[in-house]
Every structure is written in C-alpha cells, then in structure tokens.
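A.B. asks: Submitted below is the structure of interest, expressed as structure tokens.
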Amino acid sequence: MKKWSAAVLYAALFALTFIYRHELAAWIQGTPPVWLLLALATLLALFPVMPYKIVVAAAGYVMGTLGGGTIILIGSTLAGAIVYGGAALFRESAERWLARYERLERLTQFSANRPFRTIAICRLIPILPQTAVNIYAGATGLSFFHFILGSLVGKLPAVYIYAYVGSTVEERPLLAAIIAVSYFVVLLLVLWVWGFRQKKI
C-alpha cells in the first residue's frame, strides 16, 4: 500500500510541476546570480515549503538539466550538512526527535561498517524523510566524509533525472512523464531486489 501511495505522490508532483511550470519559471526569472539560486536551493531544502521534487524540476525547467541539477545537488547537500552539524551539536534533542522514526533505528547496526552505503541507499529511497536521515547521521556520529559522499552519490540520479524532466516537460510532456515514472519503477525494483538479497545473507 505504501508503494502505491508513493507512486501516486510522484504522479501528483509531476502534474503540479507541469501545471505550475510558468509560475515556477517566473519565480526565478531574470537569470538571477548563481549564488542566489544556490542559496534558494539550500533554504528550500532546509525549510521544505514545497515538495523538493518540484524545486528540482523547476530548476531544470529554468536552467536546464546540467545547470539546474548541479545547483540543486550542491544546495541540498549543503542543507544536509547544516542539519548534520546541528544534530551533532544538539545530540540529545536530535535523538529524542528521531525516536518517532522507528525504522531509522534499524540502520544503526547496518551503518556501523557501511556508512557510505547506508547514506547512499537512504538518499535513493524517495519515501524516506531526508531531514530525518540528516539528523540520524549527525546524532549517531556517522562519518561526515561518508555522509557527504554518500549524499552526493545517492542524490545524483534523482536530481539529474528530475532536472531533465523539468527541462523537457513543456516541449515533450509525454517523454518527461515516461522518464519520471520509469525511474521510480526501476528504483523500486532495485531496492526490492537489494532488500531480498539482504534477507538471504
């Protein structure tokens, strides 16, 4: 049921991106400086006033796949590093906040010897709250190097795919929809196969 809910959510996000593409473009029109776009990408990751997939698609629509994707990748990773630092600094408060996410507690044993892989996989799972992942990493003392590297690698596929979706949504909406849905389906299959293999080990 949760997988279907995630699929419906992604379809809704894609539809909203297409419907409000002109408004989103107008929001940052005028070719603002890169530092301002980076600051916006970071702030919208820190304070998600709208689903971040819409932000990614909007960045791709306005700046193209490479430019928009890169800005989003750097901004969202910077936001994650800020939250990581805050969780490490206020560890007790972070641990109390994490108590609401029981599934994250299961990561502790797995992440002990696989910090990079843990973060990369968490970034790939679309239904996993990414703020919780950032706080978890900081509160549990996960290596900052592995946290950043895992974040970049794990986010990279989704960021550039959705930036590409945003860049093509107006001229080729059907292709954009097919790519977005295909990515989600392939990701689910990969995660399912990986989970099945882990159970057999």
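A.B. asks: Between residue 113 and residue 143, what is the spin-label point distance in nm, taking each point 7 Å from the Cα along the Cα→C-beta axis?
C.D. replies: Using points 7 Å along Cα→Cβ, the separation is 1.4 nm.
A.B. asks: Ok, one more. Would you list 36, 142, 46, 66 from fewest to most Cβ contacts within 10 Å? Don't skip to the end; give the middle numbers.
C.D. replies: On the way: 36 10, 142 24, 46 16, 66 13.
Going from sparsest to densest Cβ surroundings: 36, 66, 46, 142.
A.B. asks: With a Förster radius of 35 Å, plug the Cβ-Cβ distance of residue 34 and residue 99 into 1/(1 + (r/R0)^6) and report the FRET value to the nearest 0.05. Spell out each step's value before the answer.
C.D. replies: On the way: r = 39 Å, r/R0 = 1.12.
FRET efficiency, residue 34 to residue 99: 0.35.
A.B. asks: A further question on this structure: Give a residue-ordered list of calculated ³J(HN,Hα) values for region 137-149 (Karplus: 6.51 cos²θ - 1.76 cosθ + 1.60, θ = phi - 60°; whole Hz; x for Gly, Pro).
C.D. replies: 4, x, 5, 8, x, 4, 3, 5, 4, 5, 4, 5, 5
A.B. asks: Ranked highest first by the average count of other Cβ atoms within 10 Å around their residues, in what order do 154-167, 75-88 fall?
C.D. replies: Working: 154-167: 23.3, 75-88: 20.0.
So the order, starting with the most tightly packed, is 154-167, 75-88.
Taken together, the values in this text are just the output of simple stated rules run on the coordinates, not laboratory data. As the structure is a computational prediction, the values presented were derived from the model and not from experiment. All Cβ positions, even for glycine, are placed from backbone atoms using ideal geometry, and neighbour counts span all protein chains on display.
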